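Only one structure is covered here, and it is reproduced in the block below.
Where a number appears in this text, it was derived from the coordinates with a stated rule and is not lab data. Because the structure is a prediction, the values reported are computed rather than measured. Methodologically, a virtual Cβ is constructed for each residue, glycine included, from the backbone with ideal geometry; neighbour enumeration extends over all protein chains shown.
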Amino acid sequence: MNATSTAPRDADCGAPVVELGLPVIGGSHHRSSAGTAGLDSSEASRSERFAQMRAGELGSLHSWELVTAVDGPGTRLTTFLSGCPLRCLYCHNPDTMEMRRGEPITADELLARIARYRPIFEVTGGGLTISGGEPLMQPAFVARVLRGAKEMGIRTALDTSGYLGAHCTDEMLDDIDLVLLDVKSGIPETYRKVTGRDLQPTLDFGRRLAARGTEIWVRFVLVPGLTDAPENVDAVADYVATLSTVSRVEVLPFHQMGRDKWESLGLSYELEDAQPPSPELVARVRDQFRERGLTVY
Ligand code: SF4
């Protein structure tokens, strides 16, 4: 997720497998040590739950929110799944990073909730947005929810860093109308500093989306002193300009509204002294994207 709201928002197909030090549930690359501790205490039901999670019948959910004018067109039901392989320094919802902090929910339960909002989606041109955390931590669950939404005629969006794009099957992409792709930096060293992970999987996923014609909204979080270097923004903009299916770029100014969550979780927050970008800086960065012919918000 893009992590600029205080609501949780910011992860088989022939694509390369991304090796993680963290569990991934479902898909063909799940790990038996998937992080469901806390979902159940009994051994028998725990293994049953693992099986359900691998099958995509059960997921770990942080929360959901009905939103308008963010997370895609129209009014959206945005569902925030738990678990994320990145550790963004500016994450405004660090409580979504660990899958074990989520609540178990079946795909059927979630789909029943989604179904209630169909009339609103139809009137507003909205739909379902699956966010996190990183939704592709639970690919089988996401695949099942996407399929169910599509069977109800609901438009869908996936909000992802792209780091686990290799876990998104082509069948899943057939059920996704829009990808909100968070490109957190354009220079690999900066990306690693911001997220603790490699940039390349995100670049690969964006190119795969463009090659198959999937619409993309790119999101870039602007943090003074961290992501604002002109050469870093140029690198993001140069990359985005090569993706033919990008219909908008959102430059999201960093703010401090998530700071208290880090403290309440006992986590060290490195951006204590970071300031929101000035209007002049935001304008400069937006212009860097516009210079490449991109539509910028
Ligand atoms: S750590 Fe994960 S949930 Fe937080 S901003 Fe980064 S990608 Fe989003």
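Couple of notes before you dig in:
- Lysines whose Cα lies under 23 Å from that of LYS184, excluding same-chain neighbours fewer than 8 positions away: LYS193, LYS261
- Looking at the range 189-297, the GluC sites (Glu not before Pro) that sit in a DSSP loop and have at most 14 other Cβ atoms within 10 Å of their own Cβ are GLU270, GLU272, GLU291.
- Taking Cβ atoms as reference points and 9 Å as the exclusive limit, the residues near PRO85 contribute a net charge of +1, counting Lys and Arg as +1 and Asp and Glu as -1.
- Here r is the Cβ-Cβ distance between GLU57 and ILE120 and R0 is 30 Å; the resulting FRET efficiency, rounded to 0.05, is 0.65.
- Euclidean distance between Cα centres, the range 45-77 to the range 105-132, Å: 10
- As a length-normalised measure over Cα pairs under 8 Å and 6 or more apart, the relative contact order of the range 62-101 settles at 35 percent.
- Looking at the chain alone, DSSP beta bridges between its own residues are antiparallel in about 30 percent of cases.
- Basic side chains Lys and Arg get +1 at the Cβ, acidic Asp and Glu get -1 at the Cβ, and with that the dipole of the chain about its Cα centre reaches some 340 debye.
- Cα gyration tensor shape for the range 47-171, rounded if a/c is under 1.5, else prolate or oblate: oblate
- Two-decimal Rg/Rh across the chain, once Rg and the Kirkwood Rh are taken from alpha-carbon atoms: 0.95
- Stretched out straight at 0.36 nm per residue, the stretch from GLU43 to ARG248 would grow longer than its current Cα-Cα span by 69.0 nm.
- Our coupling estimate for the range 130-136, obtained by passing each phi through the Karplus curve with A = 6.51, B = -1.76, C = 1.60 and θ = phi - 60°, is 9, 10, x, x, 10, x, 6 Hz, Gly and Pro reported as x.
- Spacing of the two label points (7 Å from each Cα toward its C-beta) at ARG100 and TYR297, in nm: 3.8
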